[in-house]
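Asks: The structure's right below; bear with me while I get my questions together.
Every number in this text was worked out from the coordinates using simple rules, so none of it is lab data. All values derive from a computational prediction rather than experimental measurement. Cβ coordinates were reconstructed from backbone atoms using ideal geometry, including for glycine residues, and neighbour counts include every protein chain displayed.
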Amino acid sequence: MSNAPPLLAARGLRFARNEQPVFGPLAFSVDAGEALLVQGDNGSGKTTLLRVLAGLLRADEGEIDIDGRPAAVALRARAIAYLGHLPALKADLTALENLRFLCGLHGRRRGQLPENAMSIVGLSGYEDTLARQLSAGQKKRLSLARLWLSPAPLWLLDEPYANLDLEGINLVNRMVQAHLREGGAALLTTHGAYAAPPVRTRMLELVRAA
Ligand SMILES: Nc1ncnc2c1ncn2[C@@H]1O[C@H](COP(=O)(O)OP(=O)(O)OP(=O)(O)O)[C@@H](O)[C@H]1O
């Protein structure tokens with residue numbers, strides 16, 4: 001049995017807006033090789049939780065550890081890849097330029113190049129298309145290519161299936177499966193149907209505060 005600490009652990013994590021509780025206190029952990037499925041109705045705080053974990057919002061209380069260490073800014077920057085609702089792309093760069101730019105900024109997964117990632121997500125032929133000219137689903141695929149290229153072990157995926165066709169849903173699942181096989185972990189939010197990838201999965205149910 002391994003004594004490795006969880007890749008992500010949260011204790012007593014609580015978040016409120018204008019003194020109105022959004023979630024918590026929550027305690028959960030996810031090990032390398034596991035997925036954590038964050039479920040809950042619209043407005044139950046799933047996006048807020050992921051933003052807190054990513055360091056984009058500050059929790060009111062609680063602790064977050066990454067790989068057994070307090071999640072300081074530099075550690076989060078290295079360890080976390082966040083896929084939000086909006087594709088964080090540079091609209092006036094081409095698809096390939098976007099990926100190259102991000103690899104220059106954050107480094108890249110060993111053995112992977114932007115060109116391979118374009119092909120993996122089914123965007124071969126769109127290398128020179130400006131990001132703003134891509135459809136919503138194509139932008140999502142480009143964000144998935146960016147995710148795939150990230151060297152970060154911990155994926156925070158907010159509604160990763162949104163805007164994707166069936167093949168895109170399978171693509172997300174294959175990516176999650178491969179990432180976990182390589183020792184990564186993934187948190188995924190969903191408010192409904194979930195096309196579960198066949199991986200070891202923990203569940204976290206959020207309930208909308210009264
Ligand atoms: N920028 C904001 N300012 C004020 N309140 C907000 C803001 N963003 C979210 N909220 C509120 O916080 C609560 C949790 O929202 P959140 O987006 O985290 O829920 P969610 O579970 O991700 O919902 P959905 O399934 O609809 O995406 C909701 O009551 C929402 O109205």
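Asks: Filter the range 163-193 for residues that are within 16 Å of the ligand (Cβ to nearest atom) and exposed (fewer than 14 other Cβ atoms within 10 Å of the Cβ) and give the result.
Replies: GLY192, ALA193
Asks: Taking the range 6-20 as the search range and keeping residues that are more than 20 Å from the chain's Cα centre (by Cα) and part of a loop (DSSP other than H, G, I, E, B), which one is nearest to the ligand (Cβ to nearest atom)?
Replies: ASN18
Asks: Going through the range 18-32 one residue at a time, which ones are closer than 14 Å to VAL52 by Cβ and crowded, with 19+ Cβ neighbours inside 10 Å?
Replies: Those that are closer than 14 Å to VAL52 by Cβ and crowded, with 19+ Cβ neighbours inside 10 Å: VAL22, PHE23, GLY24, LEU26.
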